[in-house]
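Novice: The structure's right below; bear with me while I get my questions together.
The values are calculated or read from the model by the stated rules, or taken from the named source; none is laboratory data. Keep in mind that what you see is a predicted model, and the values were worked out from it rather than measured. Virtual Cβ from ideal backbone geometry, glycine too; neighbours counted across all protein chains shown. Side chains are part of the model used for accessible areas, which takes the heavy atoms of the whole protein and leaves out ligands, DNA and RNA. Shrake-Rupley method; radii C 1.70, N 1.55, O 1.52, S 1.80 Å.
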Amino acid sequence: MAKIIESLKRLRVEHGTRKHNGNQTKRKNELMPSIEEAVSLDHNYILAICGTQSDPEFRIGTALSDYTCVIYSVGESLSQAINLTHNQAPIVGIRFSPTSRNILYTATSNGLIKVCDLRAKGKVIAEFKDNTEDGKMKPLCSFDISCDEKLVAGGTEHIGGDAFILFWDTRYTSSKLDDKNNLLGGYWESHMEDVTSLAFHTSKQDVLASGSTDGLINVFDLTQPSEDSALSYSLNTESSVDRIGWLNDDNLWCTTHTHSLQLWDCDGATPYAKFERNNLAISQNDDPDNCYIVRFHASNALEQPFLLAGSSSVKGDNLRCLNIINDRLETCYNMLGNKQIVRDSWLHEKSGSLVTVGERGFINIWTRTETMPIQQNSSHKLVAKIGTGKGCDRQHRTKPY
C-alpha cells in the first residue's frame, strides 16, 4: 500500500497533475485544426499513423483499410510524398526507423514485416518473417523496433495453442527477398491469447513490454538466456490489453479494449492509477457508452502527458485531451471541428502538433490556439483523392467484452 501511495505522489509530481484552485480563473485551452486532408474519398478508414521527430519539416505515415500506406511531408503545408501499394493483407503496425526518416517498417496480418526505402519510391529493401512451419507464416497482431534499431519484434495471434513473440536481428535480413528464414528466435510461454501490443523501452534496447487479450502485461529482459529468466514482470490488468507504452524507466501506461486507462509501476501488484470508461464522460451531456479512448501520450510537448479520448453520437464526433488532475480525468484541451471517429494519433514534440486519423479518412493536424494555423481555407479543409479503394473495414475497433 505504501508503494502505491508513493506511486500516486510520483504521478502528481512527474506527470504534471495539479489540484484545483477555487479562485483560479480557468484558462480556455483549445486545439484547432490547422490542416485537414482527406487521404481517400473511397470510404477507407485510416487505421494507424506514425511520424518522424525531424524539424522543421517532418514526415507522417498513414495505414489505410485498403492495405495501402500514404506518406506525407509536413512543413508550411501538407504534401504527399509517396503511396505504397505493395501490402497484400491488413496492416497491423507502421513505424518509421528510429535512425532514419527515409526508412519505413510495415507489419501485416499475413506474417510479413517489410522495410521500405522512401528515397527509392518506397522500394521494399528487406523482409522479416517466420516460415518455419511448413512454409506457413504466423499471423501478426503487433510489432515494434528497438530504440537502437537492432531488433524487430512481432506479436502473433493465438495459433495452435500458443501466442508468440518473434524476434529478428535487423543485420540479417532477406535482402534478396527470397524464401530464406531470418528468424532470430521467439517466446511462446508467457501469453495465452493474441499479443496485441509490443513496446520496446525508449532508452533500454534490451527491455520489451508486451500486452495481450489474456489481460497480461509482461516485461522482458532480452539479455537473459531463456524466456523464463527473461520474464522480469507480469502485470494482470484483469481486462483485454489494446495498447501499451512507457511512461519512464519503470512505469507503463495501458489502454484496454473496454476503454479504460491504467498506469503501472513495474513492481506494482495493481495499477497506481485506473480510469474506467465512465470516467471519460466529462460533461453532463456525455454518454459513457459513446465514449472511447484513442491513445495515451506520455510526452510533455503539450505541457503534460494526456489521454486522447472521444465520443460519438448523433450530435457529432467530439474529441478532447484529458489530464489526470487531483486523481481524476479533466479536459485540458478541447478540439474544435473534429468530424470523425478517431482511430490513432501521433504527436510531433518540437512543434506540439497533434496529428489524428480516423474512420472518415481524414488527417487532422491540431495546434494550440496561441499558435497561428499552418494552412487553412474558408472551410478548414483540403481534399485530395489518393489511391483506389479495395474495400472498407466497416467494423469499429474490436470490443471483446
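Novice: Could you tell me the accessible area of I324 in Å² (1.4 Å probe, neighbours in place), rounded to the nearest ten?
Specialist: 20
Novice: Taking amide hydrogens as modeled 1.01 Å from N in the peptide plane, which residues meet the under 5 Å criterion relative to G361, leaving out close sequence neighbours?
Specialist: The list, which skips near neighbours in sequence, is I46.
Novice: Also, I was wondering about something else. Could you compute how much accessible surface I341 exposes when probed at 1.4 Å, giving the result in Å² to the nearest 10?
Specialist: Roll a 1.4 Å probe over it and I341 shows about 30 Å².
Novice: Which distance in nm do the two modelled labels at D250 and K204 give, with both placed 7 Å along the Cα-to-Cβ direction?
Specialist: 1.0
Novice: Treat each spin label as a single point 7 Å out from the Cα along the C-beta direction, and report the T270 to R328 distance in nm.
Specialist: Here the modelled spin labels are 2.0 nm apart.
Novice: Find the relative contact order for segment 26-142 and round it to a whole percent, using C-alpha pairs within less than 8 Å whose residues are 6+ positions apart.
Specialist: Details: 223 pairs, mean separation 18.1, N = 117.
Contact order relative to length: 15 percent.
Novice: Enter the accessible area of V355 (Å², nearest 10), with the probe set to 1.4 Å and all protein chains included.
Specialist: 0
Novice: Considering only Cα-Cα distances, which of the following residue pairs are longer than 28 Å: K129/K274; K204/K350; K114/K136; K150/K350; K114/K204; K129/K339? Please list the in-between numbers first.
Specialist: Working: K129/K274 37 Å; K204/K350 23 Å; K114/K136 17 Å; K150/K350 26 Å; K114/K204 24 Å; K129/K339 38 Å.
In this structure, K129/K274; K129/K339 lie more than 28 Å apart at Cα.
Novice: Based on the alpha carbon coordinates of segment 222-329, what radius of gyration and maximum Cα-Cα distance (Dmax) apply, in Å?
Specialist: 15.7, 56
Novice: If you don't mind, there's one more thing I want to ask. Can you list the HN-Hα couplings for segment 262-275, worked out from phi with the Karplus curve (6.51, -1.76, 1.60; θ = phi - 60°), rounded to whole Hz and with x for Gly and Pro?
Specialist: For segment 262-275, the Karplus curve yields 10, 10, 10, 8, 4, 7, x, 7, 9, x, 7, 8, 8, 10 Hz.
Novice: Okay, next question. For the ranges 241-254, 265-278, what's the packing order if you count other beta-carbon atoms within 10 Å of each residue, average per peptide, and put the highest first? Write out the running numbers ahead of the final one.
Specialist: Working: 241-254: 20.4, 265-278: 16.9.
Ranking, from highest mean packing down: 241-254, 265-278.
Novice: If C116, C141 are ordered by their accessible area, calculated over protein heavy atoms with a 1.4 Å probe, which sequence runs from highest to lowest? The partial results should precede the final answer.
Specialist: Working: C116 0, C141 30 Å².
Accessible-area ranking of C116, C141, largest first: C141, C116.
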